[in-house]
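The values are calculated or read from the model by the stated rules, or taken from the named source; none is laboratory data. None of these values were measured; they are calculated from a predicted model. Cβ coordinates were reconstructed from backbone atoms using ideal geometry, including for glycine residues, and neighbour counts include every protein chain displayed. Heavy atoms of the whole protein, side chains included, go into the accessibility calculation; ligands, DNA and RNA do not. Shrake-Rupley method; radii C 1.70, N 1.55, O 1.52, S 1.80 Å.
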Amino acid sequence: MTDTSRQSAPFCGDDHDPAALSANAARQGVLEGIRSQMLTATEHLPLLQSLDRVLAADIIATLNVPPHDNSAMDGYALRSGDLPDIGSRELQVAGSSFAGHPFQGICNSGECVRIMTGAVLPAELDTVIPQELVQTVSATTIRIDAGTRPGDNTRKAGEDIMQGQTVLERGRRIGAADLGLLASLGIPQVCAFRRLRVAFFSTGDELRSVGEALHAGEIYDSNRYALFAMLKHQHCRVTDLGVVRDDPAMLRKILLQAALDHDVLISSGGVSVGEADYVRQVLSESGNIAFWKVAMKPGRPFTFGHLGNTVFFGLPGNPVAMMVSFCQFVQPALQYLAGETPSQPLTLTAVTTSALKKRAGRTEYQRGILSVTADGSLTVSKTGNQGSGILLSMSRANCFIILSADQTHVAAGSNVRVQPFIGLL
Ligand code: AMP
Ligand code: MG
């Protein structure tokens with residue numbers, strides 16, 4: 001053992017355990033354990049209600065966007081054949097085409113049409129000269145110079161979206177631009193997967209909810225509130241089951257009841273080795289359950305299993321460990337179960353301005369503040385005390401600093417891998 005490891009406060013979660021699963025293997029294990037449990041139930045939703053929902057069917061464009069050739073500038077539309085090769089020439093103004101009010105007449109050679117941005121380009125015309133390049137000779141005559149090329153300043157029908165094109169795929173979480181895209185196709189409703197129903201609770205005789213008085217030895221339950229937020233962020237329908245006392249009979253009743261009408265159950269606390277660890281006990285009696293020691297910090301004890309068709313996650317009680325485990329194991333699982341096409345979380349490389357303490361043999365998710373320096377490079381600093389109960393370290397952070405199992409202490413100035421919280425919490 002090195003000096004450093006002797007200096008750190010020893011607690012059971014820190015012991016090196018060669019039998020522990022790697023964080024990647026645990027994530028993979030969860031995904032394998034829920035294979036084919038992806039939602040199948042769908043519903044039709046009016047466009048505005050489909051924001052943040054997962055598409056259950058591809059969206060195929062039924063029209064061209066834009067539907068017609070149109071002008072990209074305010075100016076004059078003309079035939080490219082009328083463009084002067086050198087010098088300048090005069091053209092007669094045959095009429096106008098405004099957005100929403102197309103030109104109705106016929107524009108002959110030697111004539112042009114006054115046109116506004118977005119207005120329909122008359123069929124026989126193919127080029128637009130911007131207003132500022134045109135001299136007005138009279139109310140009905142303009143002069144143009146050489147220099148404009150055929151097709152300039154026009155937008156082609158279908159240049160954004162072609163009729164028949166697949167614009168959004170099944171499994172897509174609908175965002176702001178998608179909503180605009182669907183509207184641009186005139187689609188009034190979409191077919192989406194129903195939302196995941198997730199119930200969650202905290203375990204521990206020491207826990208009180210906000211609004212209750214604290215008695216000797218009690219603390220406020222923070223996990224349920226953070227879990228609520230993270231689940232909302234994943235667009236789940238949530239049921240808060242409150243604090244469940246360390247009482248196997250009560251726990252069994254609540255778990256079995258909630259499993260009837262939820263896709264996922266999540267608890268925190270009571271999964272470490274201790275006399276009050278009833279969650280494992282109850283789950284192994286009533287469902288199938290795996291208890292994993294994961295070679296990670298924070299978040300070593302992690303429980304995963306099933307109660308009937310309902311997926312169960314038992315997260316550690318320590319608030320930071322709970323959040324890290326959620327981000328690393330539960331979030332990817334929720335994404336898959338919801339029918340969403342999995343996305344790799346964004347990871348970046350940044351220079352750490354803090355020296356980072358680290359033991360070999362486990363992946364660490366330290367909490368950092370990622371920022372951009374004046375020269376555009378990325379730096380990250382740690383958010384103070386990195387203990388697994390120090391929730392301030394999460395609150396101040398905007399990223400995880402992920403240190404791999406084989407890494408040891410990291411000197412300030414080194415490159416480290418960071419995972420921004422975007423999309424995670
Ligand atoms: P446990 O996993 O139940 O042994 O809990 C580990 C540590 O996390 C203990 O210090 C607990 O008091 C604390 N803890 C457990 N659940 C919560 C919670 N919901 N909110 C805040 N702290 C908790
Ligand atoms: Mg407990």
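When DSSP assigns beta bridges and you keep just the ones with both residues in the chain, what percent turn out antiparallel, to the nearest 5?
The antiparallel proportion sits near 70 percent.
Rounded to the nearest 500 deg cm²/dmol, what is the calculated helix-only ellipticity per residue at 222 nm for the chain, with -39500 (n - 2.57) per DSSP H run of length n ≥ 4?
Computed mean residue ellipticity for the chain: -5000 deg cm²/dmol.
I want to make sure I understand the PRE zone here: with the label point 7 angstrom from the Cα of residue 88 toward its beta carbon, which residues in region 101-144 have backbone N atoms less than 16 Å away?
Under cut-off, by backbone N: 129-144.
Using a 1.4 Å probe over the heavy atoms of the protein chains, calculate the carbon and sulfur portion of the accessible area of the chain as a whole percent.
Looking at the chain in its full context, I get 53 percent from C and S.
Sequence gap of 8 or more, or different chains, plus Cα separation below 21 Å: how many lysine pairs satisfy both in the chain?
6
Using only the alpha carbons of the chain, what is the convex hull's orientation-averaged projected area in square nanometres?
Mean projected area for the chain: 29.1 nm², to one decimal.
Pick from 338, 249, 146: which residue has the top mean-square fluctuation in a GNM of the chain where Cα pairs under 10 Å get a spring?
146
Okay, which of region 94-129 sit inside 13 Å, backbone N to the point 7 Å along the Cα-Cβ direction of residue 80?
Only 125-128 pass the distance filter.
If I take every Cα pair under 8 Å that is 6 or more residues apart in the chain, average their sequence separation and divide by the length, what percent do I get for the relative contact order?
Relative CO of the chain lands at 16 percent.
Round to the nearest 10 and report in Å² the accessible area of residue 27, as given by a 1.4 Å probe over the protein chains' heavy atoms.
The accessible area comes out at roughly 50 Å².
So, by mean Cβ neighbours within 10 angstrom, what's the order for 193-203, 211-221 with the highest one leading?
The peptides rank, most packed first, as 193-203, 211-221.
Compute the label zone of residue 68 within region 138-176: residues whose backbone N is under 16 Å from the point 7 Å along Cα-to-Cβ.
Label zone hits: 154-159.
Using the alpha-carbon centroid of each, what span in Å lies between region 301-324 and region 108-162?
Each part reduced to its Cα centre gives a spacing of 64 Å.
With a 10 Å radius around each residue's Cβ, average the other Cβ atoms per peptide and rank 339-346, 124-131, highest first.
Ranking, from highest mean packing down: 124-131, 339-346.
Under 5 Å between amide H atoms, partner at least 5 residues away or on a different chain: which partners does residue 339 have, H built in plane at 1.01 Å?
Under 5 Å from the amide H of residue 339 lie the amide H atoms of 39, each far enough along the sequence or on another chain.
Comparing 139, 19, 360, which has the greatest mean-square fluctuation in the GNM of the chain with Cα pairs linked when under 10 Å apart?
Among 139, 19, 360, the largest GNM mean-square fluctuation belongs to 139.
Could you sort 299-311, 75-87 so that the peptide with the highest average Cβ count within 10 Å comes first and the rest follow in order?
299-311, 75-87
Using Cα centres only, tell me the gap between region 354-425 and region 163-201 in whole Å.
First find each Cα centre; the distance between them is then 34 Å.
Which one of 391, 260, 370 has the biggest mean-square fluctuation once the chain is modelled by GNM with Cα springs under 10 Å?
260
Amide H of residue 119 versus every other amide H placed in the peptide plane: which residues, excluding those fewer than 5 positions away on the same chain, fall under 5 Å?
Amide H neighbours of residue 119, under 5 Å, 5+ apart: 71, 99.
Using a basic spin-label model with each label point 7 Å from the Cα along Cα→Cβ, how many nm lie between residue 28 and residue 177?
Distance between the two pseudo-spin positions: 3.3 nm.
Which FRET efficiency value, to the nearest 0.05, do you get for residue 48 and residue 106 by plugging their Cβ-Cβ distance into 1/(1 + (r/R0)^6) with R0 = 45 Å?
Efficiency computed from Cβ-Cβ geometry: 0.60.
State, as an integer percentage, the relative contact order of region 70-155 based on alpha-carbon contacts under 8 Å between residues 6 or more apart.
44
Amide H of residue 53: which non-local residues (sequence gap of 5 or more, or other chain) have their own amide H closer than 5 Å, using H built in the peptide plane?
Long-range HN contacts for residue 53: 174.
With labels modelled as points extended 7 Å from the Cα through the Cβ direction, what inter-label distance (nm, one decimal) is found for residue 284 paired with residue 205?
Here the answer is 2.2 nm between the modelled labels.
Length gain on complete extension for the stretch residue 216 to residue 375, per 0.36 nm per residue less the alpha carbon to alpha carbon distance?
52.0 nm
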